[in-house]
1. Helix A:369-381: angle to the longest alpha-carbon principal axis of chain A, degrees 0 to 90, nearest 10?
2. Only Cα pairs within less than 10 Å get springs; with that Gaussian network setup on chain A, which residue of A:242, A:169, A:145 has the largest fluctuation?
3. Taking chain A as the reference, fit the longest principal axis to its C-alpha atoms, fit the long axis of helix A:3-14 to the helix C-alpha atoms, and give the angle between the two in degrees, 0 to 90, nearest 10.
4. Hey, what number do you get for chain A at 222 nm if only DSSP H runs of n ≥ 4 count, each worth -39500 (n - 2.57), divided across all residues, to the nearest 500?
5. May I ask for the angle, rounded to the nearest 10°, between helix A:86-97 and the longest principal axis of chain A, with both axes built from Cα atoms and the value confined to 0 to 90°?
6. Classify region B:53-178 from the C-alpha gyration tensor, please: rounded if a/c falls under 1.5, else prolate or oblate depending on whether a/b exceeds b/c.
7. In terms of the Cα gyration tensor, with a ≥ b ≥ c the square roots of its eigenvalues, is the protein assembly as shown rounded because a/c is under 1.5, prolate because a/b exceeds b/c, or oblate?
8. Give me B:71, A:257 sorted ascending by neighbouring Cβ count inside 10 Å, so fewest comes first.
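Here, each number is a calculation from the coordinates, and none is a lab measurement. Quick caveat: nothing in here was measured; it's all calculated off a predicted structure. Here the Cβ is made from the backbone with ideal geometry for all residues, glycine too, and neighbour counts use every protein chain on show.
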């Protein structure tokens, strides 16, 4: 099998893995190298599904000893298998990298023989890139469930980011998805080891949404716990899509809007420091309601429009249409005693007035929060 | 608060093809606190010019694809709308310190090597001949490249159930999709029937 044929199989095996390029916190810029990872939050192409292609996202092999019910690479699935040679993988990646087709490498794998054996193969390919090709760009390596601690340490030394997929929000949900993957030992224990490792672009994880019929509350509970206890940089959510020849092929597809809502709620927790209780307060039966979670929380919790000339940073962040940058600009004006007097100023600052207008008190303008909230409630009920 | 100070904004805006010097003069006369947060019309206009230049730079850093010749020179051909050839090369010089980078544009041939950017008015072939004599990085067979590798990888990443035409267009704006190096993406996208989206 040649490289082009292998790529067809091993690229397709990794396409459901969500990842993005994150600039590392530190980078040593010597002259005897190829690549860098500082300006790496960029996209080099996109697929017709709108998904950015920034990383060379492949599996090392698609053979696997696990039998996760949602996965096309599961043990019992009759499929064409392929495996890369270390040199082949490194050279293919480098030939794309120097031509600026990709920004970095994302390497995951199915598990052949056992986790340590496969992790050693992956480590070999990554080491080859770092040592022979002097590649100093971005590498994201998946940690396979069940990998030993010393191998995880060695992988962390070579990679910019490491991650292990949780897939399900808790042990009972995991049992629904896989009969031979131990949630606590194979995944959470590995995460605990990863927590103390110094990885320049941090750690991440991924959930499969809807495969085990879990609700949003369970997922956000787990994500919040991970951010607090596992020093996680980011959680990814991937809406379940039934794959042919798997036990879940007749299972309902998870709507993409659910994935979007979870990303939005996650962003509120991670970046805007919302308390999970605030997000739970708008949930119905453990599910996020339709629409933007930030707007729904503002509608449910804000009693009156706020005065931008007096509001604190955290109060500003709670207003839909105002983000970190706009809040910083408003705070700068407050510090310099410059009053905001009209909506044009706000638009110029970068506030999305369409969303923010009803929550802002502006001299000379009638505020409409109450009417707006009533109108919104009517819409939601319908 | 803005990621650029006023001088940086003017520096970037000056590279814009529609830049007018009187705009910079008008902005410099205004209250710097308001200018800093783009709260005046002129400062917003200057900021828009600056961000258009910056946006083109960011896009080209993403979308410009190089060829590698047998002597280890990375070269590409593209004429940006704004005068940013040197900025593009600056980015890639940091990324590939061992390589010679050549960008052929209608404004000239720009060569970047060892933290220096030189503009040549000569023909592309003559410039390449001159550069071939300079010692460069060891290539380790990286000059051999089959476009089928990219095609195969690109096609393997597509998830049919998630087709989203609008999002694709947002990720790769039309003017960049026209670039020769995006032939595979363009072909794949245009050959899909509406029902597939």
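1. So the helix axis and the longest Cα principal axis differ by about 50 degrees.
2. Its mean-square fluctuation being the largest, the pick is A:242.
3. With rounding to tens, the tilt is 50 degrees.
4. -11500 deg cm²/dmol
5. Approximately 40 degrees, to the nearest 10.
6. oblate
7. Oblate, since a/c reaches 1.5 and b/c is not below a/b.
8. A:257, B:71
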